[in-house]
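The values are calculated or read from the model by the stated rules, or taken from the named source; none is laboratory data. Quantities reported herein were computed from a predicted structural model and do not represent experimental measurements. Because the Cβ atoms are built from the backbone with ideal geometry, glycine has one as well, and the counts that use them run over all protein chains shown. Areas reflect the complete protein model, heavy atoms only, side chains present, ligands, DNA and RNA absent. Shrake-Rupley method; radii C 1.70, N 1.55, O 1.52, S 1.80 Å.
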Amino acid sequence: FCVNNRYLCTLAVSLVLSGCASDPAPLEQMRLSEKALLQARAVGATEQLPAMLTAEQRFARAQKNMPEHDYKRARMLAEQAELDARLAEAQVLVAKSQEQLNALNTRITRLRKQLGDLQ
């Protein structure tokens with residue numbers, strides 16, 4: 001009876017440890033990261049933006065880690081790539097908003113001048 005219990009305990013401990021040691025493949029995170037990169041590119045982010053360049057590099061390294069089964073590192077890099085891509089997207093959108101705001105302010109100034117000339 002003690003031998004069987006010891007065997008079961010050893011088996012249980014080894015199963016728990018092996019479960020902790022191996023991370024599952026971060027397929028969903030890779031998909032999310034790729035989607036974030038595509039969205040950033042769609043709004044105009046290029047590798048000229050440091051955040052976009054970093055996102056591309058990190059995602060490439062995450063892809064490289066996948067066949068090597070280094071899933072923990074792949075997940076970490078993919079998460080960072082997603083965040084970098086979202087930052088690049090936000091930077092592009094802020095820059096475009098600023099350009100639109102500047103154009104509106106120019107038009108307002110022009111209209112005020114025209115109104116002033118009419119008085």
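Within straight cross-link reach of LYS64, meaning Cα distance under 27 Å, which lysines are found once same-chain residues fewer than 8 apart are removed?
Output for LYS64: LYS35, LYS72.
Give me the percent of the accessible area of region 34-119 that comes from carbon and sulfur atoms, probe 1.4 Å, all protein chains in place.
55
Under unit Cβ charges (Lys, Arg +1; Asp, Glu -1), what dipole magnitude, rounded to 20 debye, does region 20-119 have relative to its Cα centre?
Its charge dipole is roughly 440 debye.
From the protein chains alone at 1.4 Å, what is the descending order of accessible area for GLU79, GLU89, largest first?
GLU79, GLU89
Grab the Cα-Cα distance for GLN100 and ARG73, subtract it from 0.36 nm times how many residues apart they are, and report the gain in nm with one decimal.
Contour length minus Cα-Cα distance gives 5.7 nm.
Pairs of Cα atoms under 8 Å, at least six residues apart: use those to get the relative contact order of region 51-119, whole percent.
Reported as a whole number, the value is 32 percent.
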